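Note sheet for the following structure.
The values are calculated or read from the model by the stated rules, or taken from the named source; none is laboratory data. Computed from a prediction, not measured in an experiment: that's the story for all the values here. Here the Cβ is made from the backbone with ideal geometry for all residues, glycine too, and neighbour counts use every protein chain on show. Ligands, DNA and RNA are excluded from the accessible area calculation, which covers all protein heavy atoms including side chains. Shrake-Rupley method; radii C 1.70, N 1.55, O 1.52, S 1.80 Å.
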Amino acid sequence: MTKTKQTDGAVITDLMLETFRLNGALLEAGDRLVKDLGLTSARWQVLGAIMLEGRPQTVAQIARRMGLSRQAVQRVVHDLTAQGLVQPMENPDHKRAPLITLTPEGEAAYGNAIKRQDDWASELASEIDGEQARAALATLKALSDLCGATRRPALPVKGKGGAS
């Protein structure tokens with residue numbers, strides 16, 4: 001392996017570690033942003049997964065879209081149901097997997113969260129160069145694709161720099 005390749009690998013490792021730190025910071029900031037709406041980042045994400053799909057979803061479908069475990073999403077859906085923000089409805093295709101839909105209160109909470117997020121993103125954008133942000137986005141998308149996005153991360157293949 002050449003020195004350049006080793007350096008590139010180290011940069012990718014640093015990028016991954018920084019992404020983990022950013023993820024934690026974004027979840028914490030998101031929690032603060034929507035706390036008074038009765039939401040957490042996880043609840044907001046589940047509402048968004050349903051809203052962005054444009055139709056009711058099963059817990060398994062939401063989990064796949066978000067790249068999370070079905071059990072984690074089920075816990076969040078339970079909390080959202082108790083809050084009256086989502087409701088299960090009969091699924092004609094699967095008796096044991098109800099479709100989860102937003103209630104009017106859930107749609108309103110999601111709309112309020114998105115408005116706050118839009119304002120926050122505009123504030124952050126004023127501090128970051130647009131060209132750098134676009135390059136970072138392209139790099140993160142490329143890494144997501146290489147790792148299979150919501151599938152298992154790509155791991156080194158034996159004989160190609162991986163463990164044997």
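Helix 104-125 sits at what angle to the longest principal axis of the chain, using alpha carbons and giving 0 to 90 degrees rounded to 10?
Result, in degrees: 30.
For the chain, with every protein chain kept in place, what is the accessible area per residue (1.4 Å probe, Å²)?
72 Å²
Can you find, among Ile50, Val73, Ala10, the residue farthest towards the positive end of the dipole of the range 1-91? Put +1 on the C-beta of Lys and Arg, -1 on that of Asp and Glu.
Positive-end residue among those listed: Ala10.
In whole Hz, with x marking every Gly and Pro, tabulate ³J(HN,Hα) for the range 49-57 from phi via Karplus 6.51 cos²θ - 1.76 cosθ + 1.60, θ = phi - 60°.
Here the 3J(HN,Hα) series is 4, 6, 4, 5, 6, x, 7, x, 10 Hz.
Over the chain, with a Gaussian network built from C-alpha contacts below 10 Å, which listed residue (Thr101, Thr13, Thr40) shows the highest mean-square fluctuation?
Thr13
Amide H neighbours of Val86 under 5 Å, at least 5 residues apart or on other chains, H built in the peptide plane: list them.
Thr81, Thr103
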